[in-house]
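The values are calculated or read from the model by the stated rules, or taken from the named source; none is laboratory data. Small disclaimer: the values here were computed from a predicted structure and weren't measured. Using ideal geometry, Cβ is built from the backbone for each residue, glycine included, and neighbour counts are taken over all protein chains shown. When the accessible area is computed, the model is the full protein with side chains, heavy atoms only, and any ligands, DNA or RNA have been set aside. Shrake-Rupley method; radii C 1.70, N 1.55, O 1.52, S 1.80 Å.
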Amino acid sequence: MRLTTLAILAATLGAARVAAAADLVPPAPRQGYYISVGGAGVMGRAQDDKRHLTLEYPGATLSMHFGQLITERFGAGLHMEYGVAKAERRQAGLAGMGFEGQAVLVDTLALRLEAGVGYFQTVNLDDKSEPSRGTGGAYYGAGLTYDLFFTKPGRSGGWAVTPGLYVKYLPGHRYRTVVLWAGLELSWWSGLPHQALELPPDQAFAP
Amino acid sequence: MTTLAAITLGLAGALAAAQPAGPAPKAPPPAAQPAPEPPDEAPITKLPVLEKFVEAPYPERARAEKLEATVVLDIDVDETGKVEQAQVVQPSASPGYGFEEAALAAVAQFVFEPAEAGGKPVPVRITYKYGFTLAKAPPPDAPPPPRVPVVNFEGRLVERGTRAALAGLRVTVFRDGGEAFEALSDAQGVFRFVDLAAGAWKVQVEADGYYPFRTTETVVAGERLEAKYHVERTSYNPYDVLVEAMRPRKEVTRRTIEVAEIESIPGSFGDAVSVVTNMPSVARSPAGTGELIVRGSSPEDTRIAVGGIDIPLMYHFGNMRSVVPTAVIDSIDFYPGNFSPYYGRAMGGYLDVRLKHLEPEKANGYLDLTVIDSSLYAATPVGDDAAVAVGLRRSYLDFVLDAVIPSDSPTSFSTAPRYYDMQVLGSWRPSRTQRVEAFFFGADDRMVVVSKTPSDGDSRLKSSTIGIGTKFYRGIVNHTWTPGNGFENEAGIALGYDGVIQDLGSQFKMDFTQTVMQLRDRARLTVSDRLTLVAGVDSLVANADATVRSMGFAPPQEGDTQPVITDRIMTTQISGKWFYYPAGYVEAEWKPVDDLLVMPGLRVDYFDWTNELTADPRLTVRWTLSDRLVAKAGVGMFHQEPTADQVDVGFGNPALKTERALHYSAGAEYRPLPHVSIDVTGFYKDMWNMVGRSDAMITRDGKLVPEVYNNGAKGRVYGADVLVRHELFENFFGWIAYTLSRSERRDPGSPSWRLFDYDQTHIFTALASYKLPRNWEVGLRWRYVTGKPYTPIEGGVFDSNIDAYAPTTGKVNSARMGSFNQLDLRIDKRWVYDGWMLNAYVDMQNTYNRENPEAYGYNFDYSKKEVVAGLPILPIFGLRAEF
């Protein structure tokens, strides 16, 4: 066993404190894992391949996002969503789930991109015997969100209200659906563990 | 003044001397008085123990003259432990100085814990040496004796998640006021600090590749502080791969995939064998088949082995899972052609799964849960030289289908699809020159589908039941011996069982079982720096039972457009029939000059079904032109037996002979960077004596019978492949593979060439995986493949005999389906806890949901067709807990 015990100078003490500083980041609200739950009003337009049916419908959705900020600016996670809408005596349902990525543009304004699998279906409310029409397939979304934090500043993570604006697209084989999404979510950011943060010594070395 | 009395109550001496008092064995001086006899002469069970020692005064005259001495005495100790009497049995070497008197006076005051015999205290006589030694006076200016440092803070560093000891990490302790110390952890991860002052100390652990660990500890005076710190790595690999040495490349083309690269390749679900389908020279297999189509050859032309031992089945149902889990695999060697004489009985390619040399430093394992199956794996060291691992996997598609399929469904499962497999891997190193490894594994797949409604089409093909079952196991023992002097030997024996059941209702039934034994040995002798000789055997023995019955349904063959229906009822029955496939090979590795490696080889096989002895000469040449550039070429002969149904007297033609191929390939390997390689290989494969359908009638055993098949077909495959590969380096790995090829065939009696079923002109795969911070990993795979050939159906003609339309077809494989392209995406996230890790992943196939054509479906009269698409967008979720 090799045991090295050296008395070192006070200068080394300073070095020991900052040795790993390059790997550490100062506390910020948008750090760690996140989970967002919310709702939105939507305006959608669905059209079948042969243009026999075009629907423009208002509706509402419930959505959930969870993931992690991987670097200071980029994050990744999963999302899922379910919405309903009505138009011209037809009811439509839209569901989607998949990957999402986000990039912080400025402050807490983030660009989010989504890709996954989605499903769209409409039923005729006046004629229940008419088979439902729908399609499933790839599902894409792009939007902007802004986190308004209401927890005290200077800590890592916190609670936020997150307004957002998205465009979502489901290019199914029988229907193509475009949705404009405007909504509000409640977001929680876990923050980073103190081992990963640049903190004053009394906090950094807290047992 | 110091008198150091050397007390010698030597155990041996005491045992010899201590005895029930009486006549001493060593005659005491005449003055000695015998001690009282013990009550019953029982043997001594406990020696007396000195409880009170009295220091004798050092005789002054002896001190002045600097004399030292030893006096040997006999001491009689009574049953209470007191000294009854003592006498000198050996005086000092300096009589007259008073040593003897001083010793007698001192020992008279000794007190002992009494001796015992039979559990009772008894009087005994012992021999005792009393030493008189003068203390050494310290030199006048010598430093004071060093104070022994006291460790009062000891800790152990282990890696968070894996629990591996962390050696060589720097640990710093400091506190306000500028006092600081540091230590390095040893091989066991242990660090120590000595004589730390009492109070609070800040502790910091840091090392490249790890998050800093910081905490505060309090040292209490007179107490030893112990701690265990879990230090987190900034990035974790799913498997720690110890690459002992890069195996030198000797073949024209050998693609080796390390396990570390396999786990996160999109579309493979972490399955090692599936990854091979992303290599150049491998065509895309139809969705769900998992077939290995190598350089245009039929899937049965490529053999699959585990450690050189053939196995009958590589995939479970659905072909998403191979039967050998990634955890027991070290790497996969894939040879698309021109392989060594070590491998044989195949004229396409060879896939050899290399098992891990099991050497875990601690117990480890995982539990893996996906939407299709679950698996368990655990490995542990056994002593210093052995280790064992066990694995088990079970699908649960059967539970899901049973739950979701309604009872009134037109199709139901009397046995829902299910599979399981199990493995036991053991490793033992009896000596530095030997290694013994044993691997037992098996798989079982079963499914029975019952259709309640008839379908359109030929009534002879309508079956209400489809049942499929496969089962096999293998027990393999390998022994590697490297005694030195350039010699090494690898011997292996495998015993196993294969079983296949197929039931297509009234149309077709097959029940096949066989026991198999395979023996392999490879001896390698390095004669000189320029010459190495290799020789070996590869023998296979099987004992088979089979019952097969077909009502006019002929087994499908290459080029069939529709199932072939005949008017014959075909049956076969074999019972306890032995098949022998002995083979041997020799190979030389010859370096006529430093940079040139020439490898001539010869393999000789005996094929029992066709009763043929074949010889396959092979030659490979590698020329190292520079540190970065290698030119390579190869040519070789390959033989392969027809399939069982083709040579069976009931279904085919027992007069068939082996199929043959001549492989030519040439190319170059260039390594512009240490972790980047470019491999370009051109290939030509000439095949003849191939089995094809025949409409002729022949005389066999005096009867006119259909020939069914003959060896009149020929084939040729030519093209080139390119592999640009970035090995796992700086968090990234990936490759681009491209194959340009054409595979053609000329059927028996046909004057013209046509495309093989598996011809694919362009095969392009781009694959990449990147490890992101915070234990995220993202991977993608994009593939483009030319559409596969098909035989167009130009219409249908009603056939009253079968009460259905029969198709009219164009030329075989004269049309192509649309091309295939697909993007697969995979994201992994790992959570690291103190003693274990959790990995979650989403593997999304066909991310942009392209409708890739797999086949055409026709209506009842063949007037309309529609594309039968492959897999739609398909997300697969999985969880893995590792400890």
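A compact table of results
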{"item": "Single condition A:Phe120 does not satisfy, out of (1) at negative phi; (2) open to solvent by 10 Å² or more (accessible area, probe 1.4 Å)", "result": "(2)"}
{"item": "Close pairs from the range B:205-223: first more than 7 Å from chain A (Cβ to nearest Cβ) and open to solvent by 30 Å² or more (accessible area, probe 1.4 Å), partner outside any loop (DSSP other than H, G, I, E, B) and among the β-branched types (Val, Ile, Thr), Cβ under 6 Å, at least 6 apart", "result": "B:Tyr210/B:Val231; B:Glu217/B:Val203"}
{"item": "Filtered residue count, the range B:44-59, keeping only those that are acidic (Asp, Glu) and within 15 Å of B:Ala105 (Cβ to Cβ)", "result": "1"}
{"item": "Exclusive hit being at pLDDT 80 or above, over 23 Å from B:Pro654 (Cβ atoms) and among the hydrophobic types (A, V, I, L, M, F, W, C), set B:Ala535, B:Ala544", "result": "B:Ala535"}
{"item": "Some residue of the range B:145-165 being at the interface with chain A (Cβ under 8 Å from one of its Cβ atoms) and of a type in the set (Ser, Thr, Tyr)", "result": "no"}
{"item": "Members of the range B:608-619 found to be surrounded by fewer than 16 Cβ atoms within 10 Å (Cβ to Cβ) and in contact (Cβ under 8 Å) with a residue 40 or more places away in the chain, listed by number", "result": "B:Glu612"}
{"item": "Subset of the range B:834-857 (residues that are farther than 23 Å from B:Thr234 by Cβ, touching a His at 6+ places or on another chain (Cβ under 9 Å) and open to solvent by less than 40 Å² (accessible area, probe 1.4 Å))", "result": "B:Asn849"}
{"item": "Residues that are small (Gly, Ala, Ser) and in a loop (DSSP other than H, G, I, E, B), drawn from the range B:623-675", "result": "B:Ser626, B:Gly650, B:Gly652, B:Ala655"}
{"item": "Matching residues in the range B:171-209 - criterion: being among the acidic types (Asp, Glu) and within 16 Å of B:Val150 (Cβ to Cβ)", "result": "B:Asp195"}
{"item": "Selection count, the range B:469-501, where residues are closer than 30 Å to B:Val449 by Cβ and open to solvent by less than 70 Å² (accessible area, probe 1.4 Å)", "result": "9"}
{"item": "Strands (runs of 3 or more DSSP E) completely within the range B:146-204 that count 1 or more residues being on the phi > 0 side of the Ramachandran plot and open to solvent by 60 Å² or more (accessible area, probe 1.4 Å)", "result": "none"}
{"item": "Residue satisfying condition, being in a helix (DSSP H, G or I), out of contact with any Phe, Trp or Tyr (no Cβ under 9 Å at 6 or more places or on another chain) and open to solvent by 10 Å² or more (accessible area, probe 1.4 Å), within set B:Glu361, B:Glu300", "result": "B:Glu300"}
{"item": "Filter result for B:Phe132 (within 12 Å of B:Leu50 (Cα to Cα) and assigned to a strand (DSSP E or B))", "result": "no"}
{"item": "Tally, over the range B:53-78, of residues that are under 22 Å from B:Pro121 (Cβ atoms) and either of a type in the set (Lys, Arg) or surrounded by fewer than 18 Cβ atoms within 10 Å (Cβ to Cβ) (or both)", "result": "2"}
{"item": "Positions within the range A:163-207 being open to solvent by 80 Å² or more (accessible area, probe 1.4 Å), more than 14 Å from every other protein chain (Cβ to nearest Cβ) and of a type in the set (S, T, N, Q), in sequence order", "result": "none"}
{"item": "Test result for B:Glu226, modelled with pLDDT of 80 or more and surrounded by fewer than 17 Cβ atoms within 10 Å (Cβ to Cβ)", "result": "yes"}
{"item": "Leading residue by the ranking (most open to solvent (accessible area, probe 1.4 Å)) among those in the range B:94-109 that are under 16 Å from B:Phe132 (Cβ atoms) and in contact with a strand residue (DSSP E or B) (Cβ under 6 Å, 6 or more places away or on another chain)", "result": "B:Leu104"}
{"item": "Failed criterion for B:Asn653 (all others in (1) closer than 28 Å to B:Arg742 by Cα; (2) surrounded by 20 or more Cβ atoms within 10 Å (Cβ to Cβ) hold)", "result": "(1)"}
{"item": "Any hit, the range B:254-273, residues being at pLDDT 70 or above and over 30 Å from B:Ser677 (Cβ atoms)", "result": "no"}
{"item": "Every residue from the range B:854-883 that is part of a loop (DSSP other than H, G, I, E, B) and more than 14 Å from chain A (Cβ to nearest Cβ)", "result": "B:Asn859, B:Phe860, B:Asp861, B:Tyr862, B:Ser863, B:Lys864, B:Phe883"}
{"item": "Unmet criterion (only one of (1) within 19 Å of B:Ile372 (Cα to Cα); (2) assigned to a loop (DSSP other than H, G, I, E, B)) for B:Asp843", "result": "(2)"}
{"item": "Residues satisfying the stated conditions in the range B:189-203, i.e. at the interface with chain A (Cβ under 8 Å from one of its Cβ atoms) and not aromatic (Phe, Trp, Tyr)", "result": "B:Val190, B:Arg192, B:Val194, B:Lys202, B:Val203"}
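Every residue, every condition in (1) within 14 Å of chain B (Cβ to nearest Cβ); (2) out of contact with any Pro (no Cβ under 7 Å at 6 or more places or on another chain); (3) closer than 20 Å to A:Leu180 by Cα, yes or no:
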{"site": "A:Pro26", "(1), (2), (3)": "no, yes, no"}
{"site": "A:Pro29", "(1), (2), (3)": "no, yes, no"}
{"site": "A:Tyr33", "(1), (2), (3)": "yes, yes, no"}
{"site": "A:Gly39", "(1), (2), (3)": "no, yes, yes"}
{"site": "A:Tyr57", "(1), (2), (3)": "no, yes, yes"}
{"site": "A:Gly67", "(1), (2), (3)": "yes, yes, no"}
{"site": "A:Ala87", "(1), (2), (3)": "no, yes, yes"}
{"site": "A:Gln91", "(1), (2), (3)": "no, yes, yes"}
{"site": "A:Leu94", "(1), (2), (3)": "no, yes, yes"}
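Results for (1) within 14 Å of chain B (Cβ to nearest Cβ); (2) open to solvent by 80 Å² or more (accessible area, probe 1.4 Å); (3) farther than 22 Å from B:Asn846 by Cα; (4) not small (Gly, Ala, Ser), shown as yes or no for each residue.
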| site | (1), (2), (3), (4) |
| --- | --- |
| A:Met97 | yes, no, no, yes |
| A:Thr108 | no, no, yes, yes |
| A:Arg133 | no, yes, yes, yes |
| A:Ala142 | no, no, no, no |
| A:Gly154 | no, no, yes, no |
